[in-house]
Structures are given as C-alpha cells and as structure tokens.
2 protein chains.
Amino acid sequence: MKKGLILLFTGNGKGKTTAALGLALRAMGHHFKICMIQFIKGSWQCGELEALKRFEDLMEIHVMGRGFTWKSDDFNKDKQAAQTAWQFAKQMIASEKYQIIILDELTHIIKLKMIDEKEIVAALCAKPKDLHVIITGRDASELLVDAADLVTEMQAVKHPFKAGIKAQKGIEF
Amino acid sequence: MKKGLILLFTGNGKGKTTAALGLALRAMGHHFKICMIQFIKGSWQCGELEALKRFEDLMEIHVMGRGFTWKSDDFNKDKQAAQTAWQFAKQMIASEKYQIIILDELTHIIKLKMIDEKEIVAALCAKPKDLHVIITGRDASELLVDAADLVTEMQAVKHPFKAGIKAQKGIEF
C-alpha cells in the first residue's frame, strides 16, 4: 500500500524542523512541490531561508506566526495570527498543488489552544490522498499522535547549552 | 563560549540523516562549506543527491561505503571500504577546508568493529577547534555519546511500515 503520510517530528530534542527540511530536500530531488508554513516566526530560520532560495521553483515558505509565542506580549494578536495561518494552511492542503506540506511548530498552536485540535485533526484526515503532511513541534497532543502515520520523538540526550556553549550561526540559526 | 561542536543524531527512529541534511542546508545559508561522507552506501539517497547538486559550490558528498553492511556478502571487503572511508574522513577533518563535516552512518562502522572506536574518538577530539562534526546512525556507542556536545535520540514512536504502508519516493528515498 502507498498513500500520502502524516509525519510527526516531536520531542524536546534538536532536529525536528531540520529533519522536516531534510525530507523536503530529498523530495525536491524527485521534483516534488513543497509548501512550508511556519506557525511561529523566529529569527533562527535565516540560514534555511537563504539556502532554500535555490529552490524557489519547487518550494514555497510562508512565515506566518507572530514570533515566539511563549514570550508573547499579546495573546490575542498571536491567536489571530495563528488562525490566519491555519486558514491558509487548510487552503494549501486542499489545493492539490503540492506533494508535501510542512506545518512547522503546529503543535504549539494546539497546546496554547489557539486553534481547536479536533478541527486540525479533521482537516488532516480529510487531506488529498497522495499528499504528505509533515508536522513539527514539541509536546504533540495525543490526538495528533493518533492521526499520524509516522511519529519520531527527538529526545535531547545531551545539549551544549547546558555545558555553557552558546547558540551559534549555522547550527542553531 | 563558542566552539565547533560534535553533534550526534542516533536512535531507531526516522530523521537522523535527514536532520543532518537539514542542518547542512541551514549552514549553507550562511555560506558554510560542508563535506559529507557516507559510510554505508544505499540507493535511498538518490533524492538528496539530486537536490544537493544545486549546492555544488558549497557541499561535497562522498559515498564511500560498500552498501548495506548488515546484508553483507563479504565482511572483509566492507571493512576495507570502511577503513578507506575513515582515512579519507580523517584527512577532511584535519584539512580545515570545511566548517561542517557529516559522518553519515559512522556508528555502524564502530558497532561492526570495522574501525577501532578509540581511534575515532581520539580523531574527533583532535579536530580543528571551529569545525562542527555531525555523526548519524543508530546504536551509538557510549564513548561516542561521551565525546559529543549534542546528542539527540530519534525514537520511533510509530512507523508506517508496521501498518503495511510501503517505502515511497520522496519520503524514504
């Protein structure tokens, strides 16, 4: 059996968004069209955004969130931005224009109760048959895990910040 | 403190090599030079190899292994190929030509006792100060975990093969 998968990269370790981008890269080698929607905007993506300019024919990136919501100054504005992003994501999912859609940091939007989880899972389950959807973010909810075909939990075994090493260019951002 | 890191992506889950490639992509956005050495050759990389042709100015890929060693027809030939790959890797590490070196599936070479683990760890610890080294592969040994600055364990929570879904283009290869 072959079908479009729902893939979930979760856990507290490093490598969730990077694994999604690695998969995008692999798929673009097969000329797949990809749409990535970032639900939380952060300056750390500047490296990827720059590199992915070489794939403008195959990959679209929509940075739609309002910044790091866990440091939010205005929950309502964040919620509104998340809802706009989600409406857009639903359109992209239904559009049949892409082979892969990446919903980056979607788990946070669910955790912060900005969008109803059941609505999200229903939309994922109603996706076009051949479309792959990749979801990233820590603290994935049980419903999301149930809906996914593949779940990898990235567990931080060891992290350099704990040893006093700073975030640095090319690695963290 | 800033320094070149040893990063290890291990565990039985999907996303180890893909996370390494995602990191490479991020770093290439900052014009880092990257050298990737694959210790086990497999047909599944065709998507990435094709896509990464767009980064020929920044990234070199050396496929050096002999195939899937766990289905090996000739252990001695595999061991010889692994040792050639490792000698090459050591040269690249010492060359100071790159900001990142990826040693893909290196853990297997250690596990299969094709190269002495202590020699590998010693070479990693003696790397140029600013160089980042990314190591991927399941069953990382304790010495390797100790030597690494960052370790993420990719744990398979759920895998589509178990549900009877086949490996498919753009996702698994």
Exercise for the section: Just tell me how shielded A:24-36 is by partners: mean number of partner chain Cβ atoms within 10 Å of each residue's Cβ, no decimals. Expected result: 6
Handout entry: Partner chain coverage, peptide B:47-60 - average Cβ within 10 angstrom
Key = 4
Handout entry: Largest-first principal axis extents, alpha carbons of the protein assembly as shown, Å
Key = 57, 48, 35
Completion exercise
Two pseudo-spin positions, 7 Å from Cα along C-beta at B:Lys53 and at A:Val63, lie apart in nanometres by 3.0
Problem - Per-q log10 I(q)/I(0), chain B, q = 0.09, 0.16 Å⁻¹ (Debye; single scatterer per alpha-carbon; no solvent) - result: -0.30, -0.98
Practice task
Give me A:His132, A:His62 ranked fewest to most by other Cβ atoms within 10 Å of their Cβ, as a rough exposure proxy.
Solution key: A:His62, A:His132
Fill in the blank from the handout: One finds, for A:Lys166 and A:Gln83 with R0 = 25 angstrom and r their Cβ-Cβ distance, a FRET efficiency to the nearest 0.05 of 0.10
Fill in the blank from the handout: Here the range B:80-95 yields Karplus 3J(HN,Hα) values (6.51, -1.76, 1.60; θ = phi - 60°; whole Hz; Gly and Pro given as x) of 5, 4, 5, 5, 4, 4, 5, 4, 5, 4, 4, 4, 5, 4, 7, 5
Exercise for the section: Tell me the distances, shortest first, between B:His30 and the same position across the other copies, using label points 7 Å along Cα→Cβ, in nm to one decimal. Expected result: 3.2
Exercise for the section: Determine the shape class of the range A:25-125: with a ≥ b ≥ c the square roots of the Cα gyration tensor eigenvalues, call it rounded for a/c under 1.5, and otherwise prolate if a/b is greater than b/c, oblate otherwise. Expected result: oblate
Problem - For A:Asp74, label point 7 Å along C-beta direction: distances to other copies, nm - result: 6.9
Problem - Using a 7 Å Cα-to-Cβ projection, B:Glu50 label spacings across copies, nm, ascending - result: 2.9
Handout entry: Within-13-Å neighbourhood charge of A:Met154 [Cβ basis; K, R +1; D, E -1]
Key = +3
Handout entry: Alpha-carbon centroid distance for the pair the range B:120-164 / the range A:122-173, whole angstrom
Key = 18
Practice task
Quick one: work out the % antiparallel among DSSP beta bridges in the range B:6-156, nearest 5.
Solution key: 0
Completion exercise
Inter-part gap, Cα centre of the range B:73-113 to Cα centre of the range A:1-66, in whole angstrom, is 29
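Bear in mind these aren't lab numbers, they're just calculated from the coordinates by the rules spelled out. This one's a predicted model, so the numbers in the text were calculated from it and none came from an experiment. Neighbour counts run over all protein chains shown; Cβ positions are idealised from the backbone, glycine included.
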